[in-house]
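Participant: This is the structure I want to talk about, given as structure tokens.
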Amino acid sequence: MLDLVVIGGGAAGFYGAIHTGRQNPGSSILILEQNKEVLSKVRISGGGRCNVTHRPLEARELASHYPRGGRELLGPFHTHASLETMAFFESLGVALKTEADGRVFPVSDSSESVIGALRGEARRLGIGIQTGSRVTEIAGAPEPENSWIIHTADHTYRARCLLVCPGSSSHIWRILRNLGHRIVPPVPSLFTFRTDDPRLSDLQGISAEARLEVLAPGPGEELVAGVSFRKAQRSGQLLTEGPVLITHWGLSGPAVLRLSAWGARYFAACGYRFKVRVNWMPEYHQGALRPFLASVRESDPKKTVWRSRATTLPARLWTRLAEGAGIGPEARWAEISSAGLERFSEQLSGSVFQVNGKSTFKEEFVTAGGVSLKDIHFKTFESKKCPGLFLAGEVLDIDAVTGGFNFQNAWTGAFLAAGAIASRLRAQESAR
Ligand SMILES: Cc1cc2nc3c(=O)[nH]c(=O)nc-3n(C[C@H](O)[C@H](O)[C@H](O)COP(=O)(O)OP(=O)(O)OC[C@H]3O[C@@H](n4cnc5c(N)ncnc54)[C@H](O)[C@@H]3O)c2cc1C
């Protein structure tokens, strides 16, 4: 009988196994990984650089980056958050650096440093790793044994405790549902918006600060696939502000990714077809832009609108929006009618784009959905349905915006689970 079987050799699985091993030296721990390689998502994470976590933040602020799970992670973050994670990796010799936007990376700019550290520490602690071992079934052995039976294609393992960290796995979710857990249907999060609007063609690479707001669907469409637009809107999920990057397929950048995460359920429900209004000059509150343009008309009447960009907006975007308002390359400010100013003001502060689908953001993408948070004790990450079964990482209905927060969820959950598993094992040991 093993002390602990960990399902999944990913971020959460390794962190949980290592911290259990550290707190309970000598315990027999085995990681089962279905692939030939462990830690494959860590390897490709952050474009191969691995954005390990985010700069230390106060727990409430850290939790505010999680569209799902923020409330539940608040307590756990008081025990183990970015600071502790950074100390852990640095103690293993992984020098870290914090970039201006708060993302933390290895100084080496290579995820291999993180992988090497996790593998090396697991080896030092004598943790077994079985690759090519896909878990096909889990069952609880009845009392007095109170253990877990774990099946792979060619082996059956028994363990006192079970840590389930398979990431987003429909197969494991099915098993967990059969064991009594509620599963929130998975939908993608962290994606970019596809639009073939001619105003954006050939502008790829341009970025600007903007405010984005998803518009209400047509009358009678307020409820899409059971998800209410108004409810999503009221809870602030469909509005954001920040850098927007124009790509050859549409809109990307931190603000778009944040919106895709907060509105993930709504966007899935409407089939990724919706209208988004972009204010390219969010520094002007509503109504202030038109008087500003009128003042430019006053001061520069002879200059052409295209060539006399009156803002810090990238020049090519400025001219494209002017064109969208019907203002041609030769039109001078003095020739712009009030209606023309109104149209230009609308383009600058509220261009509406029809989004027709999503694209994957290659640096990072995650799944929203998974084991319902109602079924988890957040002091220990133990299942309320199956005592002795612990869950951490993306298998839970927790996800975050980009910036190292998704890994932090895996590290924090696995650390708390490891603490509970280690004390459970010690208690069982002394009872024997
Ligand atoms: C391209 C990309 C880049 C990313 N970059 C970042 C980043 O820079 N920063 C950040 O914070 N987040 C990033 N993320 C998100 C982050 O990778 C995940 O949140 C994190 O890996 C979740 O950890 P996990 O341990 O829960 O799951 P995973 O890392 O997915 O690990 C789960 C493991 O379980 C295994 N498994 C599944 N089913 C079974 C089974 N039945 N039997 C045995 N093994 C099984 C899988 O093969 C896998 O190895 C990125 C994601 C992607 C896709």
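Participant: Restricting to region 110-169, count the residues that are within 17 Å of residue 414 (Cα to Cα), under 28 Å from the mean Cα position of the chain (by Cα) and part of a loop (DSSP other than H, G, I, E, B).
Facilitator: 4
Per-residue answers, yes or no, for (1) touching a Pro at 6+ places or on another chain (Cβ under 7 Å); (2) touching a residue at least 24 places away in the same chain (Cβ under 8 Å); (3) small (Gly, Ala, Ser); (4) under 21 Å from residue 352 (Cα atoms):
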site	(1), (2), (3), (4)
298	no, no, no, no
302	no, yes, no, no
305	no, yes, no, no
308	no, yes, yes, no
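Participant: Run down 204, 233 and say which single residue is more than 14 Å from the ligand (Cβ to nearest atom) and in contact (Cβ under 8 Å) with a residue 24 or more places away in the chain. Show your work before the answer.
Facilitator: On the way: 233 fails: in contact (Cβ under 8 Å) with a residue 24 or more places away in the chain.
It is 204.
Participant: Which helices (runs of 4 or more DSSP H) sit wholly inside region 197-293 and have at least 1 residues that are among the β-branched types (Val, Ile, Thr) and surrounded by 16 or more Cβ atoms within 10 Å (Cβ to Cβ)? Walk me through it before giving the result.
Facilitator: Working: elements: 229-234, 254-262, 264-269.
Fully inside region 197-293 and qualifying: 254-262.
Participant: Of all residues in region 114-150, which are free of Cβ contacts under 8 Å to residues at least 60 places away in the same chain, farther than 22 Å from residue 389 by Cα and not aliphatic (A, V, I, L, M)?
Facilitator: Hits for region 114-150 are 116, 120, 123, 124.
Participant: Now for a different question. Return yes when residue 415 is assigned by TED's automatic domain parsing to the domain that holds residue 55 and in a strand (DSSP E or B) and no when it is not.
Facilitator: Working: assigned by TED's automatic domain parsing to the domain that holds residue 55: yes; in a strand (DSSP E or B): no.
So residue 415 does not fit the description; no.
Participant: Could you list, in sequence order, the residues of region 240-267 that are over 14 Å from the mean Cα position of the chain (by Cα) and over 13 Å from residue 67 (Cβ atoms)? Lay out the reasoning, then the answer.
Facilitator: In the first step, residues of region 240-267 are kept if they are over 14 Å from the mean Cα position of the chain (by Cα); the result is 240-252, 266-267.
Those that are over 14 Å from the mean Cα position of the chain (by Cα) and over 13 Å from residue 67 (Cβ atoms): 241, 242, 243, 244, 245, 246, 247, 248, 249, 250, 251, 252.
Participant: When you scan region 52-72, do you find a residue that is part of a helix (DSSP H, G or I), within 15 Å of the ligand (Cβ to nearest atom), more than 30 Å from residue 388 (Cα to Cα) and hydrophobic (A, V, I, L, M, F, W, C), even just one?
Facilitator: Among the residues of region 52-72, not one is part of a helix (DSSP H, G or I), within 15 Å of the ligand (Cβ to nearest atom), more than 30 Å from residue 388 (Cα to Cα) and hydrophobic (A, V, I, L, M, F, W, C), which makes the answer no.
The values are calculated or read from the model by the stated rules, or taken from the named source; none is laboratory data. Since the structure is predicted, the reported quantities are computational estimates derived from the model, not experimental observations. Note: ideal-geometry Cβ built from the backbone for every residue, glycine included; neighbour counts use all protein chains shown.
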